[in-house]
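Quick notes on the structure that follows.
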Amino acid sequence: MDKAEKGQRLMSLRVSHDSGQTWSAEVVVISSDPLAPLLTSTWPPCQCLRCVTGSGPASVRPTGGTAQ
């Protein structure tokens, strides 16, 4: 762990846009970062029109699968 990191490492991310030939710099999310709270425990959030417009309660929104 880097000396600049004071919290627990939650996630590390590096991205390649050329099939792994080169990689971006590592981005690290640590526990001391100000993370926004999740609106629901549903992950990933549904992107259908009904859920995006907020016409139904978050607790009953589908998160994937077949169309309804």
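Bear in mind these aren't lab numbers, they're just calculated from the coordinates by the rules spelled out. Just so we're clear, the structure is a prediction, and the values are computed from it rather than from any experiment. Using ideal geometry, Cβ is built from the backbone for each residue, glycine included, and neighbour counts are taken over all protein chains shown.
Observations on the model:
- Mean Cβ count within 10 Å, highest first, over the residues of peptides 45-52, 15-22: 45-52, 15-22
- Ordering of 24-30, 8-14 by burial proxy (mean other Cβ atoms within 10 Å per residue, highest first): 24-30, 8-14
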